[in-house]
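Asker: Please read through the structure below; I'll follow up with questions.
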Amino acid sequence: MKGKSLEEVHESVDIDQKKSLWKRILAFFGPAYLISVGYMDPGNWATDIAGGSQFGYALIWVLLMSNIMALLLQSLSARLGIVKGRDLAQASRETYSPFVNFILYILAEIAIAACDLAEVLGMAIGLELLFDLPLLWGVCISMLDTFLLLFLMNKGIRKMEAFIITLIGIIGGSFLLEMFFAKPDVNEMVTGFIPTIPNSTALYIAIGIIGATVMPHNLYLHSSLVQTRKFNRDKKSIKQALRFNFFDSTIALNLAFFVNAAILILAAATFHKNGMFEVAEIQDAHKLLAPLLGSDWASILFALALIAAGQSSTVTGTLAGQIVMEGYLNLRIQPWVRRIITRLIAIVPAVLTILYMGESGTGELLVLSQVVLSLQLGFAIIPLIHFVSDKHKMGEFAIKIPTQIASWIIASIIVVLNGKLVYDEIHNWLLTSEHPIYIWIFVIPIAIGALILLIYITVKPIFNSKIKVTNHVPHIEEIIFEKKIEPLFYKHIAVAIDFSKADSKSISKALQIGKKEATYTLIHVVETPGAIVHGHQTADYESSSDAAYLEHYKQQLQEQGYKVDIKLTFGRPKKQIPLVVNENNFDLLILGAHGHSWFKDMILGTTIDSVRHQINIPLMIVKSK
């Protein structure tokens, strides 16, 4: 059985139901807009502002190159999802060993955490700028977007896409007006498209821009999101889907390029032009915009766009986290748990940075997060190129030789630039560190290990292109029943009772199953405060009353000819029931369910979930309503 990527929205948009050509085209549009928000998240802002203020228009070409790279790589990612019905993590799991996949999963999680860190800080900074809210409070408030994501997922993928496109409209509209205020020099803008790297600092920022633009988690996400469209699997329909998704990506990523270019141009026209070469903090940019451009609206629009960018990016980052976890580990957990885990991983370094370095350290942390993203790129790009180039896996939809060459050139540029950055940083640490031995012990082995892994994932698919049969759902393989299955007979049935209306149904179900041939044990847990503290030594009224009730139940059933035992225990039901069950030779446990949920569960507590994980016999749940 093949597992479905993002199963809750898989093939939820039926393309074949759209009759007219334009409706079919529009039905394909959407996934790339969710991808594009990752290309204009707050991490991009930090690198764009730093590049524009220090080097003017000189690094616009890096943005253009990054956008071209992104367009090609995202189209490859979409191709994998459309043709094979696999996301990038699932395809990796079919190709590499479990150990290598686990390492790739860790690297993907680091990339997502780095991205989410930028979004947390961006949201917090935007709230601080617009509402004068302390940065630490803003970081904590960002946790609440967990509920926004769950709400959007429940409403369907099209509603989520509409929400994201609305936020993109806010960002784009804000910077369109910012350009009107800034009045950049067009001639200098044109010269910025000529490739130059003024110095090593420019290289660091350029790599940060590449990392902020071409994001590894977006490659996982795009290969999954295109599978939300349901269309015929014939050759013509697949070609049409590839073509329409390419149009979708081209429009969406060019919008992202406009936003990134606008931020860099704004920094160049405002800060670099006025000799302010060291503006790298988003907060500083916000403060200086109004006096330099002569309008308070410049600062307000800037903060509003920042909040929209942070909120939109955090939604897509969570989906990417779900995809890599399910794809690499075959592990499926509740979306809200996944969201909280991702957000906590990002919040902890953000809070520590604010506490120990102050708010001034957030700008450096944003740029660092984008460099970390860039360092992860090779581990996502190289497998992707292998997968979509393989004719055994992709058939006639494998990419052609010219596209393969372009893809490998892009991968080589990214790996070489990252390699140089890592080498320069380690060299500087060795020269400046008071204890270089620690660099040799901890840092250099990790760098060598990463290089070996990069070589392995590059070479492995060349020598072994066979498709490994992999189960992409968290289930065991299919069971083959070779012999006739005999019906089960339960000889000893335990029934947990609590002297409520649920008892009659629980006992009736037990009698229906075991009839008069089985032995029944009625279990009741006294959970008064005294019972919880003193156990069987407690002697309060409820304990004696419960013992009498239990004896009465036993007598009634024995009079009807049933074999009945009773067990009275003390403490928490979720602990005591499993204890009694595991100490006795029962065949089946029956529990009554009262039907309350949500807030009642939070107030009254739940027993069933806890019990079922601790017992080693079958559990039957009988609803009281």
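Asker: For region 492-623, what's the relative contact order in percent, using C-alpha pairs closer than 8 Å and at least 6 residues apart? Spell out each step's value before the answer.
Answerer: Details: 198 pairs, mean separation 43.8, N = 132.
With pairs under 8 Å counted, the relative contact order is 33 percent.
Asker: Related question: Pop out the Kirkwood hydrodynamic radius of region 148-270 from its pairwise C-alpha distances, inverse of mean 1/r, in Å to one decimal. Could you put the intermediate results ahead of the total?
Answerer: Numbers: mean 1/r = 0.0566 Å⁻¹.
Hydrodynamic radius (Kirkwood, Cα pairs) of region 148-270 is 17.7 Å.
Asker: Taking 0.36 nm per residue of sequence separation and subtracting the Cα-Cα distance, how much length would be gained by fully extending the chain between TYR541 and PHE131, in nm to one decimal? The partial results should precede the final answer.
Answerer: Working: separation 410, 0.36 × 410 = 147.60 nm, distance 5.75 nm.
Extra length available between TYR541 and PHE131 comes to 141.8 nm.
Asker: Within 10 Å of each residue's Cβ, count the other Cβ atoms and sort ILE354, ILE413, ILE452, ILE170 from fewest upward. All intermediate terms of the calculation are to be shown ahead of the outcome.
Answerer: Details: ILE354 21, ILE413 13, ILE452 10, ILE170 17.
Lowest to highest Cβ neighbour count: ILE452, ILE413, ILE170, ILE354.
Asker: Semi-axes of the equivalent ellipsoid for region 49-179, please: Cα gyration tensor eigenvalues, times 5, square-rooted, ordered largest first, whole Å. Walk me through the intermediate numbers first.
Answerer: On the way: eigenvalues 183, 105, 69 Å².
Sorted largest first and rounded, they come to 30, 23, 19 Å.
Asker: Could you calculate the contour length gain from GLU486 to ILE455, that is, 0.36 nm times the residue separation minus the distance between their Cα atoms, to one decimal place in nm? Please report the intermediate quantities before stating the final value.
Answerer: Working: separation 31, 0.36 × 31 = 11.16 nm, distance 5.46 nm.
Difference between extended and current length: 5.7 nm.
Asker: Let me ask you something else. Any idea what the alpha-carbon Rg over 2.2 N^0.38 Å comes to for region 7-463?
Answerer: Working: Rg = 21.3 Å, N = 457, 2.2 N^0.38 = 22.6 Å.
For region 7-463, the normalised Cα radius of gyration comes out at 0.94.
Asker: Looking at region 492-623, I'd like the Rg to Rh ratio, where Rg is from alpha-carbon atoms and Rh is Kirkwood's inverse mean 1/r. Intermediate results must be reported in sequence, preceding the final value.
Answerer: Numbers: Rg = 14.3 Å, Rh = 15.1 Å.
Reported Rg/Rh (Cα atoms, Kirkwood Rh): 0.95.
Asker: Can you sort ILE164, ILE347 so the residue with the fewest Cβ neighbours within 10 Å comes first?
Answerer: If I rank by nearby Cβ atoms, fewest first, I get ILE347, ILE164.
Asker: Go through region 232-239 residue by residue and turn each phi into a ³J(HN,Hα) via Karplus (6.51, -1.76, 1.60, θ = phi - 60°); whole Hz please, and just put x for glycine and proline.
Answerer: Going residue by residue, I get 4, 9, 7, 4, 5, 5, 5, 4 Hz, with x marking Gly and Pro.
Asker: Could you line up LEU344, LEU431, LEU88 from fewest to most neighbouring Cβ atoms inside 10 Å? Walk me through the numbers before you get to the answer.
Answerer: On the way: LEU344 12, LEU431 8, LEU88 31.
Ordered from fewest to most neighbouring Cβ atoms within 10 Å, LEU344, LEU431, LEU88 come out as LEU431, LEU344, LEU88.
Asker: From the C-alpha coordinates alone, can you work out the Kirkwood hydrodynamic radius of region 509-574, in Å? Spell out each step's value before the answer.
Answerer: Details: mean 1/r = 0.0778 Å⁻¹.
After inverting the mean inverse Cα-Cα distance, the result is 12.8 Å.
Asker: For ILE426 paired with PHE499, estimate the spin-label separation in nm (one decimal), with each label point 7 Å from Cα along the Cα-to-Cβ line.
Answerer: In this crude spin-label approximation the distance works out to 7.1 nm.
Asker: Sorted by packing (mean other beta-carbon atoms within 10 Å per residue), highest first, where do 29-38, 59-68 land? Please report the intermediate quantities before stating the final value.
Answerer: Details: 29-38: 26.3, 59-68: 22.3.
Result, highest mean first: 29-38, 59-68.
Asker: Please work out the FRET efficiency for the pair PHE442 and ARG158, using the Cβ-Cβ distance as r and a Förster radius of 60 Å; give the result to the nearest 0.05.
Answerer: 0.80
Bear in mind these aren't lab numbers, they're just calculated from the coordinates by the rules spelled out. All values reported here derive from a predicted model rather than from experimental measurement. Using ideal geometry, Cβ is built from the backbone for each residue, glycine included, and neighbour counts are taken over all protein chains shown.
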